[in-house]
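The values are calculated or read from the model by the stated rules, or taken from the named source; none is laboratory data. Nothing here was measured: the structure is a model prediction, and the numbers come from that model. Cβ: placed from backbone, ideal geometry, glycine included. Neighbour counts: every protein chain shown. All accessible areas refer to the heavy atoms of the entire protein, side chains included, with ligands and DNA or RNA removed. Shrake-Rupley method; radii C 1.70, N 1.55, O 1.52, S 1.80 Å.
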Amino acid sequence: MTLKSTLFALSSFLGIAIAGSALAQSGENTYKQVCASCHGAGVLNAPKFGDKAKWAPLIAEGQVTLTAHGYVGVRAMPPKGGNPNLSIEGFADALVYMVNNSGGKWTSPNAQTIAAINKEVEARKAGLNKKQ
Ligand code: HEC
């Protein structure tokens, strides 16, 4: 391989990598595609997007707890927002978007916070199984 062709191969590889990362959904997109159908209008009594009074006590539970409980599902709130392919990171970012438009100020969770959320997800599932 010549230097030129190596560079070409490298740049096209990087091009694919950049295009690939653009496929990772933003919290706003995930919210619109997965959560808005219920949380936009308050279907089934879902806490409505932008309703600060409804969100305040939920936000007070903290990011780890609220994200984990929402991901596992709560009463009429389906697990993973009803999308079985939604990752914990994707769910968390959609929730950050919803919270930040409803009176809160959260940031996209880092690896440490994701680990804590995953731990709470397992604890929540174990607790729910015990009740059944
Ligand atoms: C099929 C409708 C539906 C969809 C889709 C949905 N939700 Fe919900 N969600 C609800 C309802 C209903 C509640 C209220 C549950 C209750 O308290 O009885 C709720 C509650 C919640 C709560 C509060 C949980 C708690 O601990 O009280 C969070 C957080 C949440 N949703 C996040 C999301 C996110 C993020 C998405 C999208 C990824 C999503 N929801 C998609 C219906 C939905």
Contacts under 9 angstrom Cβ, first residue in the stretch 29-44 being over 14 Å from VAL99 (Cβ atoms), partner of a type in the set (D, E, K, R) and near the ligand (Cβ under 8 Å from one of its atoms), 6 or more apart: VAL34/LYS80; LEU44/ARG75
Residue check, SER37 modelled with pLDDT under 95 and either assigned to a helix (DSSP H, G or I) or surrounded by 18 or more Cβ atoms within 10 Å (Cβ to Cβ) (or both): no
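Does ALA126 satisfy the criteria of being modelled with pLDDT of 95 or more, hydrophobic (A, V, I, L, M, F, W, C) and open to solvent by 20 Å² or more (accessible area, probe 1.4 Å)? If you could, list the steps in order and put the result at the bottom.
Numbers: modelled with pLDDT of 95 or more: no; hydrophobic (A, V, I, L, M, F, W, C): yes; open to solvent by 20 Å² or more (accessible area, probe 1.4 Å): yes.
Against the criterion (modelled with pLDDT of 95 or more, hydrophobic (A, V, I, L, M, F, W, C) and open to solvent by 20 Å² or more (accessible area, probe 1.4 Å)), ALA126 does not qualify.
Can you go through LYS48, LYS105 and tell me which one is of a type outside the set (Ser, Thr, Tyr), loosely packed, with under 14 Cβ neighbours inside 10 Å and part of a loop (DSSP other than H, G, I, E, B)?
On the way: LYS48 fails: loosely packed, with under 14 Cβ neighbours inside 10 Å.
None of the others qualify; the one that does is LYS105.
Under the condition of being part of a helix (DSSP H, G or I), open to solvent by 50 Å² or more (accessible area, probe 1.4 Å) and within 9 Å of the ligand (Cβ to nearest atom), which residue from the stretch 63-102 is nearest to ARG124 (Cα to Cα)?
First, pick out the residues of the stretch 63-102 that are part of a helix (DSSP H, G or I): 63-72, 79-82, 88-100.
In the following step, the residues that additionally are open to solvent by 50 Å² or more (accessible area, probe 1.4 Å) were identified as 79-80, 82, 89, 97, 100.
Imposing the further condition that a residue be within 9 Å of the ligand (Cβ to nearest atom) reduces the set to 80, 82, 97.
On the way: LYS80: 14, GLY82: 18, TYR97: 23 Å.
Among those residues, the one meeting the criterion is LYS80.
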The stretch 18-34 - residue that is modelled with pLDDT under 95 and part of a helix (DSSP H, G or I) and, of those, most open to solvent (accessible area, probe 1.4 Å): ILE18
